[in-house]
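Everything below concerns the one structure shown next.
The values are calculated or read from the model by the stated rules, or taken from the named source; none is laboratory data. These numbers come from a predicted model, not from an experiment. Every residue, glycine among them, receives a Cβ derived from its backbone with ideal geometry; neighbour counts consider all protein chains shown. When the accessible area is computed, the model is the full protein with side chains, heavy atoms only, and any ligands, DNA or RNA have been set aside. Shrake-Rupley method; radii C 1.70, N 1.55, O 1.52, S 1.80 Å.
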Amino acid sequence: MDKTAGRPTWAEVNLGAIRHNVRRYVSALSPGTALMAVVKADGYGHGAVPVARAALEAGATWLGVALAEEGAALREAGITAPILVLGQSYGQQIAWAVEYGLEVTVFDRETLAEVGEAAVARGRLVGVHLKIDTGMGRVGVPWERFDAEWVQALGSTSGVVWRGVMTHFADADHPDPGYTRLQFARFLDAIESLRRRQALPPWLHCANSAAALRFPGTHLSMVRVGLGLYGLKPYPAADGLVPALRWLSRVVFLKQVGEGFSVGYGRTYHTPSPMQLATVPVGYADGYRRAWSNRAHVLIRGRRYPVVGRVSMDQITVAVPVGDPVAVGDPVTLLGEDEGAVITAEELAEAAQTIAYEVVTGLSARVPRVWCG
Ligand SMILES: *Cc1c(COP(=O)(O)O)cnc(C)c1O
């Protein structure tokens, strides 16, 4: 079934923008630094397989995912580039990682032993990356407890090849670089102690989208770029990135109403004067957040109009002044550019007191994706 032939609500992903953003990052990298394109969460909502292909064409050499399942889907699509599972692997995920030739992140001995056993049972070798917690405070071997025993464990577990050591920054987009510097210094200490033991694996990586642009000193052997790949700003001053996603719909119903007409559940909006009200078939079940009720704007024919009343599960209402030329069937830009005007993911994020990551990963599976460029 061609879902784009139904309800006129869809997301358009420009793969040319993805390639542009990869080249933007590659041109900023230190010589010899590889780029991992992070395509977890279905490529931040953009479609993991097409994005991964575009990123590899433009110069990325690694792919990063959060779950073994996500890596398996890339392999089933025929992608052969190295793939690292960035998160912890649970249960059956370890077997899947072995099966599909994914590299895994480890930071506890039990998981390391399980990975080794799963690999040996299948006659395979699995690449592992040791994660060190230098101050994110979520997962990883705490930097001050990273010791010779770990090196020993990694070296003596059958079935695993020690391929990398990594950490993750908590605050690389913060105007004050102090905490990132502290985390990086801790990471360098760990690297130095490995070097002294002549146990340094080939891939040393820590920089995310923000750090890769702001702190070139942190590039080491690889950077892991997610947000910037999609053209979203990892910090406000980031430049040279082109957003890849446009989220579109159409006016499906239009009516003229008088002053004092109430709109939507809870009657949170009353027209201050006679008005045209346009209905657009998108709602919170599509990821068009209820928090955008009476806050977000859309573009029609290049002009901004407010979303009025509550966002429903499947519909929103847009207020258009009487006399403005709007017709049933007109395209509505929910996110992205139209005739020079733009609704950014950052703007929508702010309107819901969240971040652009949550806006784009929030587009639900109900919204068909169309890839171009
Ligand atoms: C998601 C993720 C990234 C990418 O982060 P961005 O801020 O989107 O660039 C990098 N490293 C790890 C471990 C991640 O989980």
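Data table
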{"item": "Distance between the stretch 175-198 and the stretch 1-42 - C-alpha centres, whole angstrom", "result": "31 Å"}
{"item": "In nm, spacing of pseudo-spin labels at residue 23 and residue 268 (7 Å Cα→C-beta vector)", "result": "4.3 nm"}
{"item": "Of all accessible heavy-atom area on the chain, the percent that carbon and sulfur account for (1.4 Å)", "result": "54 percent"}
{"item": "Solvent exposure of the chain as accessible area per residue, Å², 1.4 Å probe", "result": "43 Å²"}
{"item": "Over the chain: Rg over Rh, Cα atoms, Kirkwood Rh", "result": "1.06"}
{"item": "Computed over the stretch 236-299, Kirkwood Rh from alpha-carbon pairs, angstrom", "result": "14.4 Å"}
{"item": "DSSP bridge orientation in the chain - percent antiparallel, rounded to nearest 5", "result": "50 percent"}
{"item": "Environment charge at residue 326 (Cβ cut-off 9 Å; Lys +1, Arg +1, Asp -1, Glu -1)", "result": "0"}
{"item": "Once the Cα gyration tensor of the stretch 7-120 is diagonalised, semi-axes √(5λ) in Å", "result": "27, 18, 11"}
{"item": "Amide hydrogen neighbours beyond the local backbone of residue 161, cut-off 5 Å, H modeled", "result": "126, 127, 128"}
{"item": "Between the stretch 254-303 and the stretch 115-134, the alpha-carbon center distance in angstrom", "result": "53 Å"}
{"item": "Per-residue HN-Hα couplings for the stretch 26-31 [Karplus 6.51, -1.76, 1.60; θ = phi - 60°; Hz; x = Gly/Pro]", "result": "4, 5, 8, 7, 5, x"}
{"item": "The stretch 232-248 - phi-based ³J(HN,Hα) in whole Hz, Karplus 6.51/-1.76/1.60, Gly and Pro as x", "result": "8, 6, x, 7, x, 8, 4, 10, x, 9, 10, x, 9, 9, 10, 10, 10"}
